[in-house]
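First comes the structure, then the notes that go with it.
The values are calculated or read from the model by the stated rules, or taken from the named source; none is laboratory data. All values reported here derive from a predicted model rather than from experimental measurement. Glycine also receives a Cβ, built like all others from the backbone with ideal geometry; neighbour counts cover every protein chain displayed. Note: accessible area is taken over every heavy atom of the protein model, side chains too, but ligands, DNA and RNA are not part of it. Shrake-Rupley method; radii C 1.70, N 1.55, O 1.52, S 1.80 Å.
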Amino acid sequence: MTAFPMMAASMMAASMMAASMMAASKLARLGRAVSALILSGTLLCSAPARADEAPWLPVSQVMSELARNPEFVEALYRRLGRDPKAGGILGPDEIKRLREMILGKDFKGLDRFPGLTVQGMGRSVRLAGAMLDRSGDDGLPPEPATVDAAVDTAVDEELGIPAAGTPPAPDAYLRPLGFGLEAGDRVDPVLAERYADGLRLAELLNRLSLNAPDGGRRYRVVLDGRTLETPHALVEALARNGHDVEVRDSRYFANFGDLIYHGRDVLTPFWIDTQLPVPGTDRNLLVPVSHSQHELVVRGPVVNADLSFYFGIDGQAVFRPSVTRDQGWVMGRVAHRYRGEDAVEAIRLAGAILRAYDAIKRRHPELPFGGYYALGVCNDVNAMIELHMRGETTLFPLTLDPQFFRDEGEVGRLAGNLPVDNRWRSGADPRRVLGSIPVEDLSTLPLPSLREDLERVRVALESGRLSRSGAGDFVLPGVVAAGILAAGLWSVRLWLVRRRR
């Protein structure tokens, strides 16, 4: 769970990251390390400028240590001015400002760099998409298909579980960046033992989801003599055969950097401006963007698997096997649990969403980044399920454009009823902002400054004194730079996802 999603598509023009990420030379590894730190530091810094004690490392501390290394400084200098490809779509003023700030060792200045509103994020996406259109290439390796296309002929397959396969190695998804830095995810040894079954179950659910609801050629799974044609039919059959099935609506902080420094986690969230005023202060509430997913947990005599469903930075709304361990600072909260008929219904709708997204992307291949942001971020598909199951959604932010969903029946109606956040000009819905925080009790948040701000907002909301008119969208030269740098970090993340595949 590190995708954003869980906001999580590559938004940056190809030249920013491609040169350093695709080469195998030492200089390329330096560039990757530099880019990841610059970008993650820029995102982290939009938190209130107060020191938070935590077992993980802030990016400013990591940058401070690395800046003592002349080789690192030289690589950084190349990334921020000498190399004409290093700037990507950053303007000269933004590059100059960042170079002076970082090479001048004003690391506290990084920590005060402004956050983006949802609208500002959208502007960055459109700008980056336009640049990709002009370049004709995103500089990343071709993306392999995650979901097989709908079958042209009838196909019947056995369940195929228990599945053959070797658990991934503990460091299978970690990539060395140099200077003591690594990027990626650690493997969870418990989940790894169930990975082969999870991978097979995800494949079955994804392929069953693509069956047209009105007949035609079908992909089918045969289980105990029964032929199953939909994902929810398969889940229901497993429950009837003695399996315990639970669907969990889970929330986390999105991890945009997945950085590790000398074995310690590095705090790399994406801080977003909610445009809600923090009572008693002259600033807006800034929160780490949340990641949400619906998790399918199956335990029983045959199938033991852990899956998650969300729209990821890879442009895929699919079921995915769970195998990695989250960094501690992302926390985790289960907002809703579904069992029995409710679990089957949640899986039914997830399958319908998967099919709708597949159809939309086939109609609109021009959408950059696999449709990420235009078709929503990780939260949007989960908000649809929550809206259907609970009558409302408590997730923030939501970014999809309903016009793409008009021909998608049930999914289109749900998309049209979502409280999309790039429409508002005042503060965000405070109930959804609080509902996306991945802890049950705000007092347990490990970030004191964030905890204090959220508690002030909660008290004001419950007393009816909370205004929704904050400072508005920042009009500062650094905003565009922040958005584009955020995009670059998503580029790093997307590259890691594709390498993992």
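Given the options 380, 401, 429, name the one that is surrounded by 21 or more Cβ atoms within 10 Å (Cβ to Cβ), acidic (Asp, Glu) and under 24 Å from residue 274 (Cα atoms).
Result of the check over 380, 401, 429: 380.
Take the range 348-368 and flag every residue that is touching a Leu at 6+ places or on another chain (Cβ under 8 Å) and open to solvent by 10 Å² or more (accessible area, probe 1.4 Å).
Selection gives 355, 358, 361, 367, 368.
Can you tell me which residues in the range 219-249 are surrounded by 18 or more Cβ atoms within 10 Å (Cβ to Cβ), more than 25 Å from residue 389 (Cβ to Cβ) and of a type in the set (D, E, K, R)?
Answer for the range 219-249, where residues must be surrounded by 18 or more Cβ atoms within 10 Å (Cβ to Cβ), more than 25 Å from residue 389 (Cβ to Cβ) and of a type in the set (D, E, K, R): just 220.
Residues to consider are 334, 433; find the one that is in a strand (DSSP E or B) and β-branched (Val, Ile, Thr).
334
Go through the residues of the range 366-387 one by one and say whether even a single one is over 21 Å from the mean Cα position of the chain (by Cα), modelled with pLDDT under 95 and either within 16 Å of residue 397 (Cβ to Cβ) or outside any helix (DSSP H, G or I) (or both).
yes
Being assigned to a strand (DSSP E or B) and open to solvent by less than 10 Å² (accessible area, probe 1.4 Å) is the filter here, so list the residues in the range 250-266 that pass it.
Those that are assigned to a strand (DSSP E or B) and open to solvent by less than 10 Å² (accessible area, probe 1.4 Å): 250, 251, 253, 259, 260, 266.
Across the range 168-218, which residue is farthest from residue 322 (Cα to Cα) among those that are of a type in the set (Asp, Glu) and open to solvent by 40 Å² or more (accessible area, probe 1.4 Å)?
Within the range 168-218, the match that is farthest from residue 322 (Cα to Cα) is 214.
Which one is farthest from residue 189 (Cα to Cα) among residues in the range 279-307 that are open to solvent by less than 10 Å² (accessible area, probe 1.4 Å) and in a loop (DSSP other than H, G, I, E, B)?
Applying the filter and picking the extreme gives 289.
Identify all residues within the range 184-206 that are touching a helix residue (DSSP H, G or I) at 6+ places or on another chain (Cβ under 9 Å) and not small (Gly, Ala, Ser); write none if there are none.
Within the range 184-206, the first condition is being touching a helix residue (DSSP H, G or I) at 6+ places or on another chain (Cβ under 9 Å), and the residues that meet it are 184-185, 187, 191, 198, 201, 204-206.
Matches in the range 184-206: 185, 187, 191, 201, 204, 205, 206.
Yes or no: residue 345 over 13 Å from residue 398 (Cα atoms) and either surrounded by 22 or more Cβ atoms within 10 Å (Cβ to Cβ) or at pLDDT below 95 (or both)?
When the stated conditions are applied, residue 345 does not pass them.
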